[in-house]
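Read-outs throughout are calculated quantities, based only on the coordinates presented, and are distinct from any laboratory measurement. Please read these numbers as outputs of a predicted model, since none were measured by experiment. Note that each Cβ is placed from the backbone with ideal geometry, even for glycine, and that neighbours are counted across all protein chains shown.
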Amino acid sequence: MSEDLTIIQGTKAEQYESIFSQIEAIVQGEPDFIANLSNTAAALKTQFNWFWIGWYLVKKEELVVGPFQGPVACSRIKKGKGVCGTCWQQRKTIVVPDVEAFPGHIACSSLSRSEIVVPMLLHDEVIGVLDVDSELYNHFDITDQHYLEKIVNMLLVNQPDLLMPMFPISE
Ligand code: SME
């Protein structure tokens, strides 16, 4: 239960290790993908207190905002647009130390300074992205990339729903 989350001090890697196993315990046995994305966003926000963390899900030709924690965000992003749409197009994690230096960055908030976006790849197709924003420049590095990719992979592996022919998150 979320009330039972243990929030720790320590290095970034130690914090990720701690929250990873707690997220894994929360999502294991829960078949609903949106429930798991929601609790993952909440657990990560509680541990790291980032400015914004959430999911954009591929629906037809666009990314549509999914479960998130933080201020109101852009609802839809087209493929190739902004950091999220570029991540979708390039199918790889993008770390942006200074959002103003990223061509085409979409500023959902003027307070955001740096960002990391991780693709959710299922059977070689991007089905969504995990987006994290910080109010600090240079906030994200290879450690964030490693653990956020690990969290995304764990969520997909634990999600039997996604293997069903009726793909639950498409419109
Ligand atoms: N900055 C993102 C848009 C989403 S918000 O940051 C929540 C982008 O450039 O794709």
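Observations on the structure shown:
- Entries of 12/59; 12/81; 60/92; 45/150 with Cα pairs more than 27 Å apart: 12/59; 12/81
- Scanning the chain for long hydrophobic helices, with DSSP H runs required to stretch 20 angstrom or more by C-alpha along their axis and to average at least -0.5 on the Kyte-Doolittle scale, returns 12-27, 33-48, 142-157.
- Calculated [θ] (222 nm, deg cm²/dmol) that DSSP helices of n ≥ 4 give over the chain, each run adding -39,500 (n - 2.57): -11000 deg cm²/dmol
- For the stretch 1-88, the set of trypsin sites (Lys or Arg not before Pro) satisfying both a DSSP loop assignment and a count of at most 12 other C-beta atoms within 10 Å is given as 60.
- Shape category assigned to the chain from the gyration tensor of Cα positions, a/c cut at 1.5: oblate
- Whole-Hz couplings from phi, Karplus 6.51/-1.76/1.60, listed for the stretch 123-132; x for Gly and Pro: 6, 6, 10, 6, 9, x, 9, 9, 10, 10
- Here's how it looks for residue 79: its modeled amide H is under 5 Å from those of 63, which are all 5 or more places away or on a different chain.
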